[in-house]
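A.B. asks: Attaching a single structure in structure tokens format; questions to follow.
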């Protein structure tokens, strides 16, 4: 006998964690859960993050700025262990009331300016250093359109498809079919655009690419959700080409390592305080198995 269909109650009540990989940290309320100060380094920018796709966006931009020789973009990156609940300490909640990584503090002008949400941080830094964002109005509009496209589309890939396909305690056909269809539509949007454009904004490599690559590049490269075959990502040949091109950039390779705690130990840099950390990695910076 088939299970009876779920009928939502008149009033939803949270009773306990709902299982899945992130069930133990999710709650239907905000705010700090315990006292915990954030560490502070020596550089103008203090980043508190984890090498999820959203976190990688920001570390890529920092490394790209430094690659341009912009020394004022030096930063300290401190690991936030989201599975341990670091994002619910008073220090982190103080700079990001939404308790999500990444969050940043800019101390470069003598005052502390907190910035949260990955897209906001990308735009803030690009405008501050006048880099990786076009100045011509039409191209700038295109860049911002693709940046916000990613911010709006990403949850369908991560919290939608990724959750139900890879992380949910049980797999159900309807949500997987629903979000797989949407992710494939998004890949087709990118593929059609990239057929005639080397980067998201034509010839210009911008924060739009840095926002989109950690999500959709990782997807077509088979680095998230183990879903490359399921989604037939090789069909999106222009996205595959674009992703490979970006992945070859030295700054991107460094940025992807920062605050990483998974994968090969050689690809992990738990905390970043100086460019030399990529070569001279101490115990505080190495992956747990390094």
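The values are calculated or read from the model by the stated rules, or taken from the named source; none is laboratory data. Just so we're clear, the structure is a prediction, and the values are computed from it rather than from any experiment. FYI the Cβ positions are ideal-geometry reconstructions off the backbone, even for glycines, and counts take in every protein chain you see.
A.B. asks: In the stretch 155-251, which helices (runs of 4 or more DSSP H) lie fully inside it and hold 1 or more residues that are under 22 Å from residue 123 (Cα atoms)?
C.D. replies: Values: elements: 173-194, 207-212, 228-231, 237-247.
Counting at least 1 such residues, we get 173-194, 207-212, 237-247.
A.B. asks: Which numbered condition in (1) surrounded by fewer than 20 Cβ atoms within 10 Å (Cβ to Cβ); (2) free of Cβ contacts under 8 Å to residues at least 60 places away in the same chain is the only one that residue 220 fails?
C.D. replies: Residue 220 satisfies every listed condition except (1).
A.B. asks: Moving on. Keeping to the stretch 85-132, report how many residues are in a strand (DSSP E or B) and touching a residue at least 12 places away in the same chain (Cβ under 8 Å). Walk me through how you get there before you give the answer.
C.D. replies: Taking the stretch 85-132 first, the residues in a strand (DSSP E or B) are 89, 103-106, 113-116.
From what's left, touching a residue at least 12 places away in the same chain (Cβ under 8 Å): 89, 103-106, 114-116.
Residues meeting the conditions: 8.
A.B. asks: Given the options 138, 77, name the one that is modelled with pLDDT of 95 or more and in contact with a helix residue (DSSP H, G or I) (Cβ under 7 Å, 6 or more places away or on another chain). Even if it seems obvious, please write down each step before you answer.
C.D. replies: On the way: 138 fails: in contact with a helix residue (DSSP H, G or I) (Cβ under 7 Å, 6 or more places away or on another chain).
Sole residue among the options that is modelled with pLDDT of 95 or more and in contact with a helix residue (DSSP H, G or I) (Cβ under 7 Å, 6 or more places away or on another chain): 77.
A.B. asks: Taking the options 249, 256, name whichever one is closer than 18 Å to residue 197 by Cβ, touching a residue at least 60 places away in the same chain (Cβ under 8 Å) and in contact with a helix residue (DSSP H, G or I) (Cβ under 8 Å, 6 or more places away or on another chain). Give the derivation first.
C.D. replies: Values: 256 fails: closer than 18 Å to residue 197 by Cβ.
Only one candidate passes the filter, namely 249.
A.B. asks: OK, next. Inspect the stretch 26-37 for any residue being in a loop (DSSP other than H, G, I, E, B), within 17 Å of residue 258 (Cβ to Cβ) and in contact with a strand residue (DSSP E or B) (Cβ under 8 Å, 6 or more places away or on another chain) and give the result as yes or no. Can you show your working first?
C.D. replies: In the first step, residues of the stretch 26-37 are kept if they are in a loop (DSSP other than H, G, I, E, B); the result is 26-33, 35-37.
Right, trim to within 17 Å of residue 258 (Cβ to Cβ) and you get none.
Looking for residues that are in a loop (DSSP other than H, G, I, E, B), within 17 Å of residue 258 (Cβ to Cβ) and in contact with a strand residue (DSSP E or B) (Cβ under 8 Å, 6 or more places away or on another chain), one finds none in the stretch 26-37, hence no.
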